[in-house]
Amino acid sequence: MPCPSARALPPSLWRYADRLPFDAQAAVSLGEGLTPLLAAARLGTEIGVANLFIKNESLNPTWSHKDRFSTVAVTAAKDAGADILATSSTGNAGASLAAYAARAGLPCIVATLSGSAGPMLAQIRKYGARIVPFEQKQDRWSFLAKGVERFGWFATSPYRHPVVGSHPVGIEGYKTIAYEIIEQMDGEVPDWCALPVCYGDALAGVWLGFRDLLDEGKIPRMPRLLAAEAHGSLRQALAGQADRIPDMTPAFDALAVSVGATRSTFQALKALRETDGIAIPVSNDGLIAFQERVAAAEGAFLELSAVMPVAAIAAARKADIIRSHETVVAVVTASGLKDIDRSASTDAPAPFGNVDAALEYFEASGGRHRPA
Ligand SMILES: Cc1ncc(COP(=O)(O)O)c(C=O)c1O
């Protein structure tokens, strides 16, 4: 027999259903959420932040935080009687939507870009979704807009200019990241909460979650939010007074393909403004090395995009914007297997001819041989 508390609280983010738009019983769920918050002391020491935590979203069912979005969005689609799901995605959102569509028994269409990471495309296909690749970014949105008009697709991603963010009902799911962080920190509010940002759906959702807790008197203050972005649209918008987010001309092709968009959204800007937050651009330089540092220091192997908040925290610490004693949570959003085709390097020696030769290899390090 399940214990009473297990029956009362579903083992997923649907335990927070009273703050979500649907009942847990109606949810299309794969057991998403309830991801670990790891104290990252070793990595924290390396970057000069004594109280660093990693909220590891790569442990979600499709190995990214997008599952928090998809579970609510697909539940909403079912509730609305939709019969075909569709999204425009470079990978994670598409893989996640495809999985939840499969779970709901609905077909799913994913408009992708030709530069998307191979493992994510494979993942989308394995879940049975139809991939529709495009060369030009803008074609994906026109395709989606026409599919919505012509076939009644339930689109979960944005598809009109200027970008307004993904379907707001799915963004509700991201609030649960904030609820979990506060619970896992026994009610303590971190000074900073950093996320990788593309359209800023997750950033806006996390802000809404902390604000719920503030409004309910469960926390005394808001954390400052930090957006780690590729091309700097939020940083530029924050520097001015206007609400318009600039569309940036990319100075480089982002290795972190999942967050490669050149323009974020108003709600992300609002989340930053209202929490005295900051935006830090993160370039390709040193990103793979950072990915390896996080993996080797903490045992968390993350997608390049997911490493960006850690790189941004390190940069903010260096600039003394984040102080060494402050408590900082990095929300790391996806697994390193997602874009392994962009970051892999095994750096392994050639095969050893015999056991003695292999032992000899370890002699100089006294048998340890850990990466420096
Ligand atoms: C791994 C990963 N991190 C972060 C993001 C940023 O998402 P958002 O649009 O919520 O800012 C994405 C997707 O776009 C992603 O795939």
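The values are calculated or read from the model by the stated rules, or taken from the named source; none is laboratory data. As the structure is a computational prediction, the values presented were derived from the model and not from experiment. Neighbour counts are summed over all protein chains in view; Cβ atoms, including those assigned to glycine, are modelled from backbone coordinates with ideal geometry.
Could you tell me whether Arg103 is in a helix (DSSP H, G or I), in contact (Cβ under 8 Å) with a residue 12 or more places away in the chain, away from the ligand (no atom under 14 Å from the Cβ) and within 26 Å of Leu20 (Cα to Cα)? Yes. Once region 126-150 is narrowed to residues that are part of a strand (DSSP E or B) and not β-branched (Val, Ile, Thr), the residue that is surrounded by the most Cβ atoms within 10 Å (Cβ to Cβ) is Phe134.
Restricting region 59-83 to residues that are touching a Leu at 6+ places or on another chain (Cβ under 7 Å) and surrounded by fewer than 23 Cβ atoms within 10 Å (Cβ to Cβ) leaves a set whose member that is nearest to Met308 (Cα to Cα) is Pro61. Looking only at residues in region 191-216 that are within 13 Å of the ligand (Cβ to nearest atom), touching a Pro at 6+ places or on another chain (Cβ under 8 Å) and of a type outside the set (A, V, I, L, M, F, W, C), the one that is farthest from Ala271 (Cα to Cα) is Pro196. The set of residues from region 20-59 being among the charged types (D, E, K, R) and closer than 24 Å to Asp191 by Cβ comprises Arg42, Glu46, Lys55, Glu57. For the residues Ser345, Ser335, the requirement of being among the hydroxyl-bearing types (Ser, Thr, Tyr) and loosely packed, with under 10 Cβ neighbours inside 10 Å singles out Ser345.
Results for (1) more than 16 Å from the ligand (Cβ to nearest atom); (2) under 16 Å from Ser335 (Cβ atoms); (3) assigned to a helix (DSSP H, G or I), shown as yes or no for each residue.
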position	(1), (2), (3)
Pro10	yes, no, no
Ser29	yes, no, no
Leu52	yes, no, no
Thr62	no, yes, no
Arg68	no, yes, yes
Val74	yes, no, yes
Lys78	yes, no, yes
Asp83	yes, no, no
Leu97	no, no, yes
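Within region 53-76, residues that are on the phi > 0 side of the Ramachandran plot and modelled with pLDDT of 95 or more reach partners that are basic (Lys, Arg) and crowded, with 24+ Cβ neighbours inside 10 Å with beta carbons closer than 9 Å, at six or more positions or on different chains, in the pairs Trp63/Lys338.
State yes or no: is Ser70 touching a Ser or Thr at 6+ places or on another chain (Cβ under 7 Å) and within 18 Å of Trp141 (Cβ to Cβ)? Taking the combined requirement at face value, the residue does not satisfy it.
Restricted to region 163-190, and to residues there that are without any contact (Cβ under 8 Å) to a residue 24 or more places away in the chain and assigned to a helix (DSSP H, G or I), the residue that is farthest from the ligand (Cβ to nearest atom) is Glu183.
Among residues of region 247-261 that are without any contact (Cβ under 8 Å) to a residue 40 or more places away in the chain, those with a beta-carbon under 6 Å from a residue that is part of a loop (DSSP other than H, G, I, E, B) and surrounded by 12 or more Cβ atoms within 10 Å (Cβ to Cβ) at least six positions away or on a different chain give the pairs Met248/His231; Met248/Gly232; Met248/Thr262; Pro250/His231; Pro250/Thr262; Phe252/Asn284; Ala254/Ala230; Ala254/Gly260. For region 202-232, the tally of residues that are closer than 22 Å to Asp18 by Cβ and either surrounded by 18 or more Cβ atoms within 10 Å (Cβ to Cβ) or under 18 Å from the mean Cα position of the chain (by Cα) (or both) stands at 11. Of all residues in region 169-206, which are among the aromatic types (Phe, Trp, Tyr) and either touching a strand residue (DSSP E or B) at 6+ places or on another chain (Cβ under 6 Å) or not assigned by TED's automatic domain parsing to the domain that holds Ala261 (or both)? Trp192, the sole residue that qualifies. Among the criteria (1) closer than 21 Å to Ile313 by Cα; (2) in contact (Cβ under 8 Å) with a residue 24 or more places away in the chain; (3) away from the ligand (no atom under 12 Å from the Cβ), the one Ala239 does not fulfil is (2). With respect to the conditions (1) within 15 Å of the ligand (Cβ to nearest atom); (2) not in a strand (DSSP E or B), Ile280 lacks only one, and its number is (2).
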